[in-house]
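J.: Just passing along the structure, written as structure tokens.
The values are calculated or read from the model by the stated rules, or taken from the named source; none is laboratory data. What you see is a predicted model; the values in this text were computed from it and never measured. For neighbour counting, all protein chains shown are included, and Cβ atoms are generated from backbone atoms with ideal geometry for every residue, glycine included. In case anyone asks, the SASA skips ligands and DNA or RNA and just uses the protein heavy atoms, side chains included. Shrake-Rupley method; radii C 1.70, N 1.55, O 1.52, S 1.80 Å.
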Amino acid sequence: MRRAEEIARRLEKLGMAGALAGAREESGSNQLGRPHFARWMVKQGHVKDMRAAFKRYLGAGKIGDIKSEWPSLAKAVEVIVESGGIPVLAHPKQYQMTNTKLKALITDFAAAGGKALEVCNGFQPRDQVEYLARLTQDADLLASAGSDFHGPEAPYHFPGGYTALPGNVRPVWSLWE
């Protein structure tokens with residue numbers, strides 16, 4: 001909540017009064033985040049669309065770019081497992097890590113009890129999918145796939161649309177078969 005309060009404080013300094021209340025209204029019962037501020041900013045006429053909100057105010061290096069406080073990897077995996085979930089390391093190629101650091105992250109994730117690696121995230125090059133499939137096999141993890149759908153504002157990522165998993169990995173959904 002401190003992150004949202006700081007984003008709101010900064011936006012209000014720019015003349016966007018009511019940012020926190022507006023973003024809360026947009027989030028409903030969901031975790032409050034930057035997309036909710038962006039939707040509110042569009043509705044209030046501060047920006048023309050979500051993309052503009054992130055480009056001008058909420059994206060990397062902008063005034064509303066407040067870093068999140070994250071739990072340790074082990075704690076995150078523990079909470080997911082205790083909640084009855086399957087820990088999946090999402091979109092690993094988007095972390096902009098060297099291959100060595102990415103392999104170390106995957107090793108640490110598996111050691112902490114992680115179960116799957118997202119091999120397909122939206123539509124990406126086949127060589128990237130094959131590389132992630134090899135990492136999945138090397139770490140003895142299951143594979144997942146996703147469309148990277150974040151809402152109707154990003155129609156290029158539609159639910160269920162993703163590159164098919166390679167046949168040499170075991171999908172996470174096989175746990176229910």
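J.: Would you check if Ala21 is small (Gly, Ala, Ser), within 28 Å of Phe109 (Cβ to Cβ), in a helix (DSSP H, G or I) and open to solvent by 30 Å² or more (accessible area, probe 1.4 Å)?
T.: no
J.: From the list Lys43, Lys101, Lys48, pick out the single residue that is in contact with a helix residue (DSSP H, G or I) (Cβ under 9 Å, 6 or more places away or on another chain) and under 21 Å from Glu6 (Cα atoms). Talk me through it step by step, then tell me what you get.
T.: On the way: Lys101 fails: under 21 Å from Glu6 (Cα atoms); Lys48 fails: under 21 Å from Glu6 (Cα atoms).
Within the list Lys43, Lys101, Lys48, the selection yields Lys43.
J.: Still on this structure, please answer the following. I need the helices (runs of 4 or more DSSP H) fully contained in the range 35-140, keeping only those with at least 1 residues that are touching a Ser or Thr at 6+ places or on another chain (Cβ under 8 Å) and open to solvent by 90 Å² or more (accessible area, probe 1.4 Å).
T.: 126-138
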